[in-house]
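**Q** The structure under discussion is supplied below as structure tokens; questions concerning it will follow.
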Amino acid sequence: MSSGAPNGAARTGFATAVARVGARWVRILAASARMQILVIRSHPAVPITAVVQPVVFYVVMAGQHGGADSPAQRASRLIAILLTSLWGATLWAVGGILRREIAEGTLARNLTSLTDPRLVVIGKCLGSSLLVLTTLVGTSLVLALVTGARVPLDAVPWMLLGAVLVALSGTALGFALCSLFVLTRHAVHVTAALTYPVFILGGLLIPTSLIPGQLSWLSRLISLYWADQFLGRVAGGGAVPLTALSMLVLLITLYYVTGHVLFRRVVDRARRKGTIDLG
Amino acid sequence: MGEHARRHLEAIRTGYLIYLADNPLKVQLTTTLPRLLLQGIFYTMLGRLVGGQSGAHFAFIGAIAFAACTDTVIGVCDVPMTDQWSGTYYRLQTGALPPGAVYLCRSLPYLTSGFLYSLLVLLVDGPVLGFAGSLGSLTAVLPLYLLTATTSTMFGLALAALAVGGSRDVLYGNLGSYFVLAASAIVSPLASKLRWLAVLGEVLPLGHGLKAIRAATAGSPWLVQLALEVLVGLGWLAVALLVVQARDRAARGRRVSVGRLHS
């Protein structure tokens with residue numbers, strides 16, 4: 001009995017400390033995300049990839065089924081367009097974060113600050129992802145109104161869950177990619193080169209049935225494929241696809257771990273070579 | 001060779017050197033070319049999705065021409081912007097050639113590379129996508145693809161001229177490229193509810209040129225569409241030169257560099 005009180009106090013103290021650290025992390029993530037949104041909101045990549053590109057894809061695909069498709073089919077196509085454009089937006093708006101840190105000379109300060117630099121970079125990735133996803137959702141809503149695409153009301157909570165996971169997926173993907181893009185001086189070309197493999201193999205606008213059998217398994221490694229499977233099914237009023245949901249969460253985790261390893265290696269390499277501010 | 005021709009040749013040579021500095025061959029081979037080949041495959045597959053096998057053929061013909069736009073519409077924006085970024089516009093103002101002529105000469109590498117991209121998509125993507133049988137008929141219309149590369153370069157140059165003075169080159173170049181993709185029936189014919197976009201397509205490059213190419217490969221008359229594509233190209237060339245001249249005059253009037261017109 002006498003040892004119960006100190007244990008309880010220790011547990012409370014530990015919980016308080018965890019809560020304090022958690023709150024601090026959330027503050028840093030939020031501040032980094034806000035700063036990133038302020039930085040990229042006027043960047044042309046945002047309107048191009050999140051407004052113009054999905055509208056043009058819609059125009060190009062408008063003749064499919066002779067225009068005589070159901071509202072659910074239209075919703076499904078809009079989701080595929082949204083996710084396709086999200087890939088481009090992730091590449092341009094999120095992938096360049098670390099490169100911009102180097103260009104502006106803030107990477108060295110970030111690496112030597114009291115805060116874990118990964119927290120700042122992930123916060124920035126989250127800010128970019130939220131900005132482009134919100135813009136894309138706005139574009140999709142307008143397109144849905146114009147085209148008459150509809151989703152059942154009871155699917156809305158699942159769609160919101162899907163949107164949160166898609167934002168996390170973009171954040172984790174961006175975290176992994178931004179470390180890769182600092183390894184080359186020609187990151188713009190590399191960014192552009194990475195666009196179409198996912199456009200083709202992602203199973204979004206191009207169904208996996210059109211992809212040669214030897215390559216179709218690659219779709220399963222792309223989180224956006226599972227996001228499309230999940231969102232497309234719930235938007236069509238079907239049962240919640242738990243496999244797609246699990247795979248989406250699993251791939252987000254995998255991307256984050258990859259980003260973590262890549263970030264550490266890139267920073268180690270830059271420290272060894274003395275190129276932290278030079279790229 | 002006359003002094004005038006020598007100056008133009010020198011401007012073209014400088015243009016190639018700047019182009020190669022911005023787009024080294026190694027980077028082009030490892031990133032740009034794979035991207036263009038995949039872009040051609042993507043749009044052709046979209047065409048197949050929209051219109052079956054005939055839709056794929058329609059899209060493949062468009063994707064060949066659209067491959068050029070990476071350099072002829074987006075890339076060419078670098079031509080006038082280079083002087084803004086480098087602060088060298090005043091050298092053009094004191095040069096023997098007018099800025100518009102220098103820009104035209106410096107655009108030639110973008111036109112050439114754009115046409116080569118089209119050729120590459122035709123020769124590599126064609127067999128991959130099952131259009132090996134169409135290679136003969138499409139090779140025969142390569143001069144028409146050269147024309148669409150030229151008219152799109154004029155369009156890109158006009159956009160670039162409008163972008164000078166700010167940092168809107170990326171926005172204008174990409175917007176122009178997407179407008180061409182949407183309105184010039186690159187991947188699929190415009191859906192009936194979107195026919196209003198065809199009005200825009202009438203004044204954008206590639207639209208009439210692609211009609212001419214599709215008609216020529218089908219054995220139909222195509223000269224009228226060819227003439228219209230030429231007119232569109234000349235129109236955009238006039239816009240480009242007029243904007244460059246107006247900006248130059250405004251800069252001289254205010255005694256500032258063109259890059260500072262908006263500051």
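**Q** Tell me, please, whether a residue that is away from chain B (no Cβ under 14 Å) and small (Gly, Ala, Ser) can be found in the stretch A:215-228. So that I can check it myself, show each step before the final result.
**A** Of the residues in the stretch A:215-228, the ones away from chain B (no Cβ under 14 Å) are A:217, A:220-228.
Cutting the leftovers down to small (Gly, Ala, Ser) gives us A:223, A:227.
Yes.
**Q** Looking only at the stretch B:149-185, count how many residues are under 15 Å from residue B:43 (Cβ atoms), crowded, with 22+ Cβ neighbours inside 10 Å and under 14 Å from the mean Cα position of the chain (by Cα).
**A** 4
**Q** Ok, one more. Among residues belonging to the stretch A:28-87 that are more than 23 Å from residue B:45 (Cα to Cα) and small (Gly, Ala, Ser), point out the one that is farthest from the other protein chains (Cβ to nearest Cβ).
**A** So the residue we want is A:30.
**Q** Now, a different point. List the residue pairs whose Cβ atoms are under 8 Å apart, where the first residue sits in the stretch A:35-57 and is more than 23 Å from residue A:80 (Cα to Cα), the second is surrounded by fewer than 20 Cβ atoms within 10 Å (Cβ to Cβ) and not β-branched (Val, Ile, Thr), and the two are 6 or more positions apart or on different chains.
**A** Pairs found: A:37/A:130; A:39/A:100.
**Q** When residue B:70 is evaluated against the numbered criteria (1) more than 20 Å from residue B:146 (Cα to Cα); (2) touching a residue at least 24 places away in the same chain (Cβ under 8 Å); (3) hydroxyl-bearing (Ser, Thr, Tyr), which criterion, by number, is the only one it fails?
**A** Unmet for residue B:70, out of (1) more than 20 Å from residue B:146 (Cα to Cα); (2) touching a residue at least 24 places away in the same chain (Cβ under 8 Å); (3) hydroxyl-bearing (Ser, Thr, Tyr): (1).
**Q** While we're on this one: Here are A:181, A:175, A:230: which of them is buried (at least 17 other Cβ atoms within 10 Å of the Cβ), closer than 30 Å to residue A:75 by Cα, out of contact with any Cys (no Cβ under 9 Å at 6 or more places or on another chain) and touching a residue at least 24 places away in the same chain (Cβ under 8 Å)?
**A** Answer to the selection: A:230.
**Q** What is the number of the single condition among (1) more than 21 Å from residue A:142 (Cα to Cα); (2) within 14 Å of chain B (Cβ to nearest Cβ); (3) in a helix (DSSP H, G or I) that residue A:8 does not meet?
**A** Of the numbered conditions (1) more than 21 Å from residue A:142 (Cα to Cα); (2) within 14 Å of chain B (Cβ to nearest Cβ); (3) in a helix (DSSP H, G or I), the odd one out for residue A:8 is (2).
**Q** If a residue counts only when it is within 13 Å of another protein chain (Cβ to nearest Cβ), which helices (runs of 4 or more DSSP H) contained entirely in the stretch B:165-256 have at least 1 such residues?
**A** On the way: elements: B:169-183, B:197-203, B:207-218, B:223-254.
In the stretch B:165-256, B:169-183, B:197-203 are the helices (runs of 4 or more DSSP H) which contain 1 or more residues that are within 13 Å of another protein chain (Cβ to nearest Cβ).
**Q** Among the residues of the stretch A:137-156, write down those that are more than 13 Å from residue A:73 (Cα to Cα) and either of a type in the set (Ser, Thr, Tyr) or under 24 Å from the mean Cα position of the chain (by Cα) (or both).
**A** Listed by number, the residues that qualify are A:137, A:138, A:139, A:140, A:141, A:142, A:143, A:155, A:156.
**Q** Among (1) among the hydroxyl-bearing types (Ser, Thr, Tyr); (2) crowded, with 22+ Cβ neighbours inside 10 Å; (3) closer than 17 Å to residue A:41 by Cβ, which single condition is residue A:134 missing?
**A** Single failed check for residue A:134: (2).
**Q** Moving on to the next point. Of (1) out of contact with any Asp or Glu (no Cβ under 6 Å at 6 or more places or on another chain); (2) within 26 Å of residue B:101 (Cα to Cα); (3) more than 9 Å from chain A (Cβ to nearest Cβ), residue B:24 satisfies all except one. Which?
**A** (3)
**Q** Oh, and also: Since residue B:68 meets every condition but one in (1) within 14 Å of chain A (Cβ to nearest Cβ); (2) small (Gly, Ala, Ser); (3) buried (at least 23 other Cβ atoms within 10 Å of the Cβ), which condition does it not meet?
**A** (1)
**Q** Let me ask something additional. Can residue B:95 be described as within 13 Å of chain A (Cβ to nearest Cβ) and either over 20 Å from the mean Cα position of the chain (by Cα) or within 26 Å of residue B:178 (Cα to Cα) (or both)?
**A** Spelling it out, it is not the case that residue B:95 is within 13 Å of chain A (Cβ to nearest Cβ) and either over 20 Å from the mean Cα position of the chain (by Cα) or within 26 Å of residue B:178 (Cα to Cα) (or both).
**Q** Please give the number of the condition residue A:50 fails out of (1) surrounded by 19 or more Cβ atoms within 10 Å (Cβ to Cβ); (2) assigned to a loop (DSSP other than H, G, I, E, B); (3) not β-branched (Val, Ile, Thr).
**A** All conditions are met except number (2).
**Q** Also, I was wondering about something else. Can you report the number of residues in the stretch B:15-28 which are basic (Lys, Arg) and touching a residue at least 40 places away in the same chain (Cβ under 8 Å)?
**A** Number satisfying all stated conditions: 0.
**Q** What's the number of the condition residue B:150 fails, among (1) within 14 Å of another protein chain (Cβ to nearest Cβ); (2) assigned to a helix (DSSP H, G or I); (3) not aliphatic (A, V, I, L, M)?
**A** The single condition residue B:150 does not satisfy is (1).
**Q** Here is a further query. Hey, can you tell me all the residues within the stretch B:29-53 that are within 18 Å of residue B:112 (Cβ to Cβ), more than 7 Å from every other protein chain (Cβ to nearest Cβ) and in contact (Cβ under 8 Å) with a residue 24 or more places away in the chain?
**A** B:33, B:36, listed by residue number.
**Q** Further, regarding this structure: Does residue A:110 count as away from chain B (no Cβ under 14 Å), at pLDDT below 85, within 30 Å of residue A:271 (Cβ to Cβ) and in a helix (DSSP H, G or I)?
**A** yes
**Q** Looking at the stretch B:1-22 only, could you name the residues that are surrounded by 20 or more Cβ atoms within 10 Å (Cβ to Cβ) and outside any helix (DSSP H, G or I)?
**A** none
**Q** Right, another one. Please state which one of B:90, B:110 is part of a helix (DSSP H, G or I) and either under 13 Å from the mean Cα position of the chain (by Cα) or surrounded by 24 or more Cβ atoms within 10 Å (Cβ to Cβ) (or both). Step through it out loud before you land on a result.
**A** Values: B:90 fails: either under 13 Å from the mean Cα position of the chain (by Cα) or surrounded by 24 or more Cβ atoms within 10 Å (Cβ to Cβ) (or both).
Selected residue: B:110, the only one of B:90, B:110 that is part of a helix (DSSP H, G or I) and either under 13 Å from the mean Cα position of the chain (by Cα) or surrounded by 24 or more Cβ atoms within 10 Å (Cβ to Cβ) (or both).
**Q** Moving on to the next point. Mind checking whether some residue in the stretch B:214-225 is within 15 Å of residue B:66 (Cα to Cα), surrounded by fewer than 21 Cβ atoms within 10 Å (Cβ to Cβ), touching a helix residue (DSSP H, G or I) at 6+ places or on another chain (Cβ under 9 Å) and free of Cβ contacts under 8 Å to residues at least 40 places away in the same chain?
**A** Looking through the stretch B:214-225, none of the residues is within 15 Å of residue B:66 (Cα to Cα), surrounded by fewer than 21 Cβ atoms within 10 Å (Cβ to Cβ), touching a helix residue (DSSP H, G or I) at 6+ places or on another chain (Cβ under 9 Å) and free of Cβ contacts under 8 Å to residues at least 40 places away in the same chain.
The values are calculated or read from the model by the stated rules, or taken from the named source; none is laboratory data. What you see is a predicted model; the values in this text were computed from it and never measured. In this analysis, Cβ positions are derived from the backbone assuming ideal geometry, glycine residues included, and neighbour counts consider all displayed protein chains.
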